[in-house]
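The values are calculated or read from the model by the stated rules, or taken from the named source; none is laboratory data. Bear in mind the structure is a predicted one, so any value in this text is a computation, not a measurement. For neighbour counting, all protein chains shown are included, and Cβ atoms are generated from backbone atoms with ideal geometry for every residue, glycine included. SASA here: full protein model, heavy atoms, side chains in, ligands and nucleic acids out. Shrake-Rupley method; radii C 1.70, N 1.55, O 1.52, S 1.80 Å.
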Amino acid sequence: MKPLPFLLIGAALAGLSATSQAQQLSGAGASFPAPLYQRWGVEYNKLHPDVQVNYQSVGSGAGVKNFTAGVVDFGASDAAMSDAEIAKVPKGAVLIPATAGEVVFAYNLPGVETLNLPREAMAGIFLGKVTKWNDPVIAKANPGAKLPELPIMVAYRSDGSGTTYVFTQHLSTISPEFKEKIGTDKSVTFPVGVGGKGNEGVTALIKQTPGTIGYVEYGYAKGNGLAMASLQNKSGNFVAADGEHGASTLANVQLPENLRIWPVDPEGANDYPIASFTWLLLYKKYDDAAKLKALKDFVTYGLTTGQSFSEELGYIPLPAPVVEKAKAALATVQ
Amino acid sequence: MSRESSDSKPIAEVRVGPDLFHALCWVASALAVATLAWIIYEIVTSAWPAIQKFGFGFLGSSSWVPNREVFGVFPFIVGTVASSFIAILFAFPLGLAIAIFLSENFLPAPVRQVIRFVVEMLAAIPSVVFGLWGIFVVIPIIKIFGDWAVKNLGGVPIFSGPAYGNSMLTASVVLALMILPTVTAISRNALTAVPKTLREGAYALGATRWEAILGVILPTAAPGVVAATILALGRAMGETMAVAMLIGNSSRLSWSLLSPGGTLAGLLANQFGEAEGLQVNSLMYAALILVVITLFVNVLGELVLRYTQSQTAGIR
């Protein structure tokens, strides 16, 4: 399913044939941006054959652990790092937003091509309160749509995942009841529905059973041709899940000093409500000057040229002001 | 004896091989035992904070809520035991029937050989492939059956709706297929090992083929068949990937076979990667429980095996 093993084998084989001067950069962390980072590694290697980037998609939690333990050159996390976690890194940590994604409500409802989901319905479905597709809460927002009297089957991620984190964070913000009953985490317990393992598991659940709705990464839903609901944002507009509205969300974010922020409930009229950055974790200081140079150059490549791969892989390119701030943060790495 | 005393040197040389072999066997078996002890030690130490915090309540509690640091595995224990036993319910009759069929001369030997090979090939299919096959083939079928069952048999608790594709029944059906080669291969070996004289004796007394099979051959082979079933049960309990992909991974308890459920192994596979803090300890506690359950099943199997062996000792 994932291209990772092949890349690793490829990297290992390339490593065998490379001269001893080849610079190895090893990273580990979040699985969500892995396809993009690995693509960067491959493309960057074409331009700089003497640098090999090996990114392992082990999950955000494990990425932070490896980074803290100092066994990788850089880490990656969808949940950034908390202040307490940063304090545990002896060499200090710099967070660099590297790309962004959206979490979408993908659904399977024959005959319903477009679907507007008001905020009440988004939380209500996952709380098990909105149980039929023709529920007045949904019907009200979709005049003219032929909503069947079909039970709503809910699909969620059964494995711990940054996707679930971003998703539950948004629903907890817009619904006090959701916050109280379910809360925010990488794995939570929903009162309804069925769990699929990984984005592919949830995708299969949605595809196979008419009446199913679930949350997946935008890139995954797009790649599998799933229908995606338009979500009601803070200003009350229904916004389609696509690159344009996601970019609007990110453009309106005011990055704080430490570059760690979630647009949990963006206010702009065209902002897609559930979007999130994902971060590269770099040390403040590197002892090896050659490694430092290669790493900085690689990350700069990712922030500039690398952003052009975002669209085709289903990510949202970083807006220019974010790239500038990320570059400034990168400059502080020594 | 006399040779040893008269000329010890060549004999010492001759013994180098066996002694080395003896030592190697010792090391190998000691390593196996030590590895098991080490694994259990690691699991217990990692699980210790959760054991201290939750105690035995962990086994009886039904809520697994990582973000509230509330952990209990009762639904997963029930799911593990239920899915394995339902799988055995499907796999045992089918596997035993295949084993009998393959051990008798209903078909020419080459044809039987082919069937046997195909059944045993099932064991070579990776778990994740069974999982994918389950998603794309078994789930749609179970979904059709489920909708029918809810409509027509909905009054029975095990068929109460709504019917999900990812359900206890789906996981059990795929598990049954996965353990079928274990049941078949070991049962077939036990059946073919029944002495020819016994079979001929039964025929000589005027028994028909079915009387011989049911009255003589099956009882004689019973210990092997029991062993096959228990090994298969052990495998079903520990099976991870295919189950995690198919069972629906829910911690809600339900009587319905058509509802999603969860197993201990599936829980570990799902949550270990991103778990932190007490969640890791609790997952280790769950792993310990899984080890204890499978150990219990194997000990029980051994006891049943010994009992049936002693019961059938007279006719062997």
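Report the net charge of residues surrounding A:GLU149, where surrounding means a beta-carbon distance below 11 angstrom and charges are Lys +1, Arg +1, Asp -1, Glu -1.
Taking every Cβ under 11 Å from that of A:GLU149, the sum is +1.
Could you sort the residues of segment A:186-229 by number and keep only those whose accessible area is reduced by 20 Å² or more in the all-protein-chain setting relative to the chain alone, 1.4 Å probe?
A:LYS186, A:SER187, A:THR189, A:PRO191, A:GLY193, A:VAL194, A:GLY195, A:LYS197, A:ALA204, A:LEU205, A:GLN208, A:THR209
Measure of size requested: the Rg and Dmax of segment A:103-275, with Cα atoms as the atom set and Å as the unit; please supply both.
15.1, 50
What fraction of the DSSP beta bridges in the protein assembly as shown is antiparallel, stated in percent and rounded to the nearest 5? Each step should come with its number before you reach the end.
On the way: 24 of 42 bridges.
Taking every DSSP beta bridge with both residues in the protein assembly as shown, the antiparallel ones total about 55 percent.
Quick test of the membrane-span-like rule: which DSSP H helices of chain B reach at least 20 Å along their long axis (C-alpha atoms) with mean Kyte hydropathy at least -0.5?
Working: long enough: B:8-54 (65 Å, 0.86); B:74-103 (42 Å, 2.16); B:168-192 (35 Å, 1.50); B:218-238 (30 Å, 1.27); B:278-311 (49 Å, 1.22).
Long hydrophobic helices here: B:8-54, B:74-103, B:168-192, B:218-238, B:278-311.
Buried accessible area for the B:A pair, summed, 1.4 Å probe, in Å² rounded to 100? Each step should come with its number before you reach the end.
Working: alone 17450 and 14480 Å², together 29610 Å².
Summing both sides, the interface buries roughly 2300 Å².
Which residues of segment B:238-260 end up with at least 40 Å² less accessible area in the presence of all protein chains than when their chain stands alone, using a 1.4 Å probe?
Buried by 40 Å² or more upon assembly, which counts only protein chains, are B:ASN249, B:ARG252.
Grab the Cα-Cα distance for B:VAL299 and B:ILE51, subtract it from 0.36 nm times how many residues apart they are, and report the gain in nm with one decimal.
Difference between extended and current length: 86.9 nm.
What FRET efficiency comes out for B:TYR307 versus B:ILE141 if R0 is 41 angstrom and r is the Cβ-Cβ distance? Round to the nearest 0.05. Working shown, then result.
Numbers: r = 39 Å, r/R0 = 0.96.
Plugging the Cβ-Cβ distance into 1/(1 + (r/R0)^6) gives 0.55.
Rounded if a/c is under 1.5, else prolate if a/b beats b/c, else oblate: with a ≥ b ≥ c from the C-alpha gyration tensor eigenvalues square-rooted, which is the protein assembly as shown? Let's see the in-between values first.
Working: a/c = 2.33, a/b = 1.43, b/c = 1.63.
Here the protein assembly as shown falls in the oblate category.
Before rounding to the nearest 500, sum -39500 (n - 2.57) across all DSSP H runs of length at least 4 in chain A and divide by the residue total; then give [θ] at 222 nm in deg cm²/dmol. Write out the running numbers ahead of the final one.
Numbers: 14 runs with 134 residues, N = 334.
Only helices count here, giving -11500 deg cm²/dmol.
Mind giving me the FRET efficiency for A:ALA22 and A:VAL323? R0 is 25 Å, r the Cβ-Cβ distance, nearest 0.05 is fine.
Working: r = 28 Å, r/R0 = 1.13.
Calculated value: 0.30.
Quote the FRET efficiency, to the nearest 0.05, computed for A:THR304 versus A:ASP83 with a Förster distance R0 of 35 Å and r equal to the Cβ-Cβ distance. Write down the numbers at each step before the final one.
On the way: r = 29 Å, r/R0 = 0.84.
It comes to 0.75.
At 222 nm, what helix-only mean residue ellipticity would chain B give, in deg cm²/dmol to the nearest 500, using -39500 (n - 2.57) for each DSSP H run of four or more? Don't skip to the answer; put the middle values down first.
Values: 14 runs with 228 residues, N = 316.
After summing the helix terms and dividing by the residues of chain B, the value is -24000 deg cm²/dmol.
Under a plain spin-label model, where a point goes 7 Å from the Cα along Cα-to-Cβ, how far apart in nm are B:ALA97 and B:ILE125?
Simple spin-label model gives 1.8 nm for this pair.
Separation between the B:VAL65 and B:GLU276 pseudo-spin-labels, each 7 Å from Cα along Cα→Cβ, expressed in nm?
For B:VAL65 paired with B:GLU276, the spin-label model returns 2.0 nm.
Report, in degrees rounded to the nearest 10, the 0 to 90 angle that the Cα long axis of helix A:162-174 makes with the longest principal axis of chain A.
Tilt of helix A:162-174: around 50 degrees.
Tell me the angle of helix A:320-331 to the major Cα principal axis of chain A, expressed in degrees between 0 and 90 and rounded to the nearest ten.
On a 0 to 90 degree scale, this one is about 30.
Please compute the per residue accessible area over segment A:103-275 with all protein chains in place, 1.4 Å probe, rounded to a whole number of Å². Walk me through the intermediate numbers first.
Values: 6350 Å² over 173 residues.
Heavy-atom SASA per residue in segment A:103-275 reads 37 Å².
What GluC sites (Glu not before Pro) in segment A:179-262 are in a loop by DSSP, with at most 14 other Cβ atoms within 10 Å of the Cβ?
Working: sites: A:GLU180, A:GLU200, A:GLU217, A:GLU244, A:GLU257; in loops: A:GLU257.
Those satisfying the criteria are A:GLU257.
Please give me the summed charge of the neighbours of B:ALA204: other residues whose Cβ is under 14 Å from its Cβ, Lys and Arg +1, Asp and Glu -1.
On the way: positive: B:LYS196, B:ARG199, B:ARG209; negative: B:GLU200, B:GLU211.
Taking every Cβ under 14 Å from that of B:ALA204, the sum is +1.
Give the carbon-plus-sulfur fraction of the accessible surface of segment B:28-312 in %, rounded to a whole number; probe 1.4 Å, heavy atoms of protein chains only. Working shown, then result.
Details: 9810 of 13240 Å².
Answer for segment B:28-312 is 74 percent, counting heavy atoms of protein chains only.
What share of the DSSP beta bridges in segment A:103-275 is antiparallel, in percent to the nearest 5?
Details: 10 of 18 bridges.
Around 55 percent antiparallel, to the nearest 5.
Within segment B:217-316, report the chymotrypsin sites (Phe, Trp or Tyr not before Pro) that DSSP leaves as loop and that have at most 15 other Cβ atoms within 10 Å. Don't skip to the answer; put the middle values down first.
Working: sites: B:TRP255, B:PHE272, B:TYR285, B:PHE296, B:TYR307; in loops: B:TRP255.
Sites meeting the loop and neighbour criteria: B:TRP255.
Please determine, in degrees from 0 to 90 and to the nearest 10, the orientation of helix A:34-47 with respect to the longest principal axis defined by the Cα atoms of chain A, where the helix direction is its Cα long axis.
So the helix axis and the longest Cα principal axis differ by about 40 degrees.
With labels modelled as points extended 7 Å from the Cα through the Cβ direction, what inter-label distance (nm, one decimal) is found for B:VAL156 paired with A:ALA289?
Reported label-point gap for B:VAL156 and A:ALA289 is 7.9 nm.
Quick one: ranking B:SER46, B:SER310 by accessible area, 1.4 Å probe, largest first, what do you get?
Numbers: B:SER46 35, B:SER310 75 Å².
Ranked list, largest accessible area first: B:SER310, B:SER46.
State the percentage of accessible surface on chain A attributable to carbon and sulfur atoms; use a 1.4 Å probe and exclude ligands, DNA and RNA.
Of all accessible area on chain A, carbon and sulfur atoms account for 55 percent.
List the residues of segment B:275-304 that lose 50 Å² or more of accessible area once all protein chains are present, compared with their chain alone (1.4 Å probe, heavy atoms only, no ligands or nucleic acids).
So the qualifying set is B:GLU276.
Could you order B:MET121, A:MET153, B:MET284, B:MET241 by accessible surface area, starting with the largest, using a probe radius of 1.4 Å? Can you show the working numbers first?
Working: B:MET121 90, A:MET153 20, B:MET284 40, B:MET241 65 Å².
My answer, sorted largest first, is B:MET121, B:MET241, B:MET284, A:MET153.
Restricting to chain A, compute how many DSSP beta bridges are antiparallel as a %, nearest 5. Could the numbers behind the result be given before it?
Numbers: 23 of 41 bridges.
Rounded to the nearest five, the antiparallel share is 55 percent.
Can you grab the distance from the C-alpha centre of segment A:193-233 to the C-alpha centre of segment B:195-243, Å, no decimals?
First find each Cα centre; the distance between them is then 47 Å.
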